[in-house]
Amino acid sequence: MNIRKCFLGLAAILLVLSLVACPDPGGDSADGGDSADGGSTAPTAGEERTEITGSVSFDLRYVPKGTFVMGEDVQQPPDPTPVVTLTKGFWMAETEVTYELWYEVYTWADSANGYTFANVGEQGDGSGDTNQHPVTTINWRDAMIWCNALSEKQGLTPVYYTDSSQATVIRIVNDTASIDPANGDIASDCVKWDADGYRMPTEAEWEYASRYRDGSDWTPGDYASGATADYTDAGATGLVAWYSANSGSSTHPVGQKNANVLGINDMSGNVWEWCWGWWQTPYDSGPLTDPHGPDTVTYRLRRSGCWDYYAFYLQCAYRLNDYPYREFYYFGFRPVRNE
Ligand SMILES: [Ca+2]
Ligand SMILES: [Ca+2]
């Protein structure tokens, strides 16, 4: 009896401690928009914030500012691995954009709000999947204007504009005033980097979030995001990522594998994720501060590996590219917002 009492007492204490220790799961901030900006307490690493648009909710996770070494364990000498400092924290989508979220914003934008996309998007890889699978079969430009659409739908300031005056929001995917149809060019000076709306992550932000542990210790660049061993360890890798060896040749609903330390899912595997930057290799030697990459090359960056690729491509520091006007059944994305 006393033992039972003691146990119950201990359990109660532990419960209280856990409630004190755990950050709010995000429900309170659902309508909070910019509450993080003016709040009295800074967000903590991995803090969750829920956003709602129409009938769909989605979560963001806080990524604190800091300094890391981009490309390490993957870029080989003489190619540099620059020291990169991100001077501001940011919020990153906890999951890849689901088809459900994509479609909610797409229909709002396409029907009555002046947007024209190149692709309607697919549920997952387009075969036997649901709206909880990541959207795919979209190109880089689609991802860009979708971010603008979500910003406008939510009453936020859009990030991408037709020219350097940053007066006209890009809403048409093939707007030749802003985008050279030959290579999909949009220059960095068309981007309102300080806006509070949604945008694609830079590749530095993407790799930083994928490898973050505590701001001083980093997941090695040759691990899948959140894994405890490098990509050649199928056991450790399979806990965090869908890839060719375990996907059954299909995308999967977002968020089923273990998240990384920040609570972000599927940063390695499931679908490739478009990032802002142009493909530049090797990297500049650095050190770099808030790098956005070069202004124009030919290819846009994608990160993460996917359900249809080998484990090798899951490495956090690995990068690939593609034409910004090309869609494919393993191209998706996840947006970020400034803090
Ligand atoms: Ca499928
Ligand atoms: Ca992914």
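Observations on the model:
- Peptides 122-131, 75-84 ordered by average Cβ neighbours within 10 Å, highest first: 122-131, 75-84
- Exposure proxy ranking for H133, H252, H292, based on other Cβ atoms within 10 angstrom of each Cβ and starting from the fewest, stands as H292, H252, H133.
- The alpha carbon centroids of region 247-319 and region 127-161 are separated by 17 Å.
- Hydrodynamic radius of region 48-338 per Kirkwood, over alpha carbon pairs, in Å: 18.6
- Under the membrane-span-like helix rule (DSSP H runs whose alpha carbons stretch at least 24 Å along the helix axis, mean Kyte-Doolittle hydropathy 1.0 or higher), the chain yields 2-21.
- Note on the chain: GNM, Cα springs under 10 Å; of G114, G71, G255, the largest mean-square fluctuation is that of G114.
- Residue exposure proxy: S225, S188, ordered by other Cβ atoms within 10 angstrom of their Cβ from fewest to most, comes out as S188, S225.
- Computed label-point distance, nm, for sites T298 and T232 using a 7 Å Cα→Cβ extension: 3.3
- Of all the options A149, A112, A234, the one that moves most in a Gaussian network model of the chain with Cα springs shorter than 10 angstrom is A112.
- Alpha-carbon centroids, region 95-115 and region 224-242: separation in whole Å: 32
- Across region 263-308, counting alpha-carbon atoms alone, Rg and Dmax equal 12.7, 35 Å.
- Cβ crowding within 10 Å ranks S57, S210, S164 as S164, S57, S210, fewest other Cβ atoms first.
- If the convex hull is drawn through the Cα atoms of region 222-320, its volume per residue in Å³: 114
- Lysine pair number, Cα distance threshold 21 Å (strictly under), the chain, separation 8 or more or different chains: 4
- When the helices of the chain are scored as -39500 (n - 2.57) per DSSP H run of n ≥ 4 and the total is divided over every residue, the value at 222 nm lands at -6000 deg cm²/dmol.
Throughout, read-outs are computed from the coordinates displayed, never taken from laboratory work. Just so it is clear, the structure is predicted and the values come from calculations on it, not from any experiment. Methodologically, a virtual Cβ is constructed for each residue, glycine included, from the backbone with ideal geometry; neighbour enumeration extends over all protein chains shown.
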